[in-house]
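Data block below; observations after.
Read-outs: derived from the displayed coordinates by stated rules, not from any lab. None of these values were measured; they are calculated from a predicted model. Cβ sites come from the backbone with ideal geometry, for glycine too, and all protein chains shown count toward neighbours.
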């Protein structure tokens, strides 16, 4: 039974504290509604960049947890980022991978390899400190406190359904430059 | 005639550039830096700047992160900037071509100060890059012009002052700015 992405996001939001969150593509509209704050930056318009943006923030602010909401199709576009992240060894980075097997935003075309692609094995092979899959919301809720304190980088492959909205159907949201400026201002104020 | 620039001169200039950036960061109101080093070099290895990259391996004051792609490097730089850290990219022209969408979507649309050092691998000593017989050399400056990215060429040791100037320019314009390394560093 796959999880609804919106349920996953609500569960993360309930425990995230002051973590910086980086949604991308289909998690962006829902996250905007669930967590309308200035500690999130949505990656839309440069698909594949969420993991790298999260890495940069994690390296810059090692005292703060950074959570990336990546997509399977998105990560495939910059798969080398797994090795770059593992090499940088950010202890504060959690990489949540929403796996649905398709490019939902562009019309649900199957990603290369579909649901058989094993991102857990890839992350382990790249050198992440931990990587595992979760298919049940209750299990995710049990493991979330650990994800917020255990040493990263950690990748969690989340087996999910399609989101209710995509960036194409939802529209809206602040421009990327405003989001970057807001999170920078917040981090400056709290530095 | 262009001349090769010693790696040590480039590294010393980068250190000075980052010291200035750290001072600006403090003036902006950032608290104590979470790191001891002056700033970050994000590199996708460039044959043209390999002596600099080799010397950086022994350098404690600059933190080097090797990235798998230039797309990653530009986006990691955006995250570091958002977190208040000084950063420079060292790539080659082919990597610029490979990461054009990230140049547009992150550095330009994100209004992220992004300072590039771009090696002009295979650039002929006796020719302007636009007259090169190699397309990878020839198209670099026109591509930057197309995207409105200010750029200048490091044609010898006397040009290293362009490094802090273009670093500052990227901050002032809140976007990308580039220096092109004309000959292989020594």
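Structure notes:
- Peptide B:55-65 has a mean shielding of 1, counted as Cβ atoms of other protein chains within 10 Å of each residue's Cβ.
- GNM on chain A, alpha-carbon springs under 10 angstrom: the most fluctuating residue among A:118, A:150, A:33 is A:33.
- Theoretical FRET efficiency, 1/(1+(r/R0)^6), r = Cβ-Cβ of residue A:151 and residue B:135, R0 56 Å, to 0.05: 0.75
- Taking a ≥ b ≥ c as the square roots of the eigenvalues of the alpha-carbon gyration tensor, the range B:85-186 is classed oblate because a/c is 1.5 or more while a/b is no larger than b/c.
- Relative exposure of B:139, B:116, A:128, judged by other C-beta atoms within 10 Å (fewest first): B:139, A:128, B:116
- Mean-square fluctuations from a GNM of chain B, with a 10 angstrom spring cutoff on Cα atoms, peak among B:124, B:155, B:28 at B:28.
- 0 to 90° range, to nearest 10: angle between helix B:70-82 axis and chain B longest Cα axis: 30 degrees
- Over the protein assembly as shown, volume per residue of the alpha carbon convex hull, in Å³: 128 Å³
- Shielding score for A:42-54, defined as the mean number of other chain Cβ atoms within 10 Å: 6
- Spin-label proximity, residue A:89 to the range A:135-170 - amide N less than 15 Å from point 7 Å beyond Cα toward beta carbon: A:151-154
- Simple label model, 7 Å out from Cα along Cβ direction - residue B:146 to residue B:28, nm: 3.1 nm
- Once the Cβ-Cβ distance of residue B:15 and residue A:63 is raised to the sixth power relative to R0 = 22 Å, the FRET efficiency obtained is 0.30.
- Inter-part distance where the range A:50-88 and the range A:135-191 are each reduced to a Cα centre, Å: 12 Å
- Entry note, chain A: the mean residue ellipticity at 222 nm calculated from DSSP H runs of n ≥ 4, each adding -39500 (n - 2.57), is -12000 deg cm²/dmol after division by the residues and rounding to the nearest 500.
- Residue with peak Gaussian network fluctuation, chain A [Cα springs, cutoff 10 Å], from A:143, A:16, A:65: A:143
- For B:80-89, mean number of other protein chain Cβ atoms within 10 Å: 6
- Efficiency of FRET between residue B:47 and residue B:172 - r from beta-carbon atoms, R0 25 angstrom, step 0.05: 0.20
- Annotation for residue A:115 and residue A:136: the two label points, set 7 Å from Cα along the Cα-Cβ direction, are 1.7 nm apart.
- Separation of the residue B:155 and residue B:4 label points, Cα + 7 Å toward Cβ, nm: 2.0 nm
- Model label zone, residue B:128; criterion: amide N under 20 Å from point 7 Å along Cα-to-beta-carbon; scope the range B:135-167: B:135-156, B:159
- Estimated purely from DSSP H runs of n ≥ 4, each contributing -39500 (n - 2.57), the mean residue ellipticity at 222 nm for chain B is -11500 deg cm²/dmol once divided by its residues.
- Percent antiparallel among DSSP beta bridges (both partners in the range A:34-167, rounded to 5): 10 percent
- Debye intensity ratio I(q)/I(0), log10, the range A:67-173, q values 0.24 Å⁻¹ (C-alpha model): -1.34
- Sorted by Cβ neighbour density within 10 Å, fewest at the top, the residues A:111, B:76: A:111, B:76
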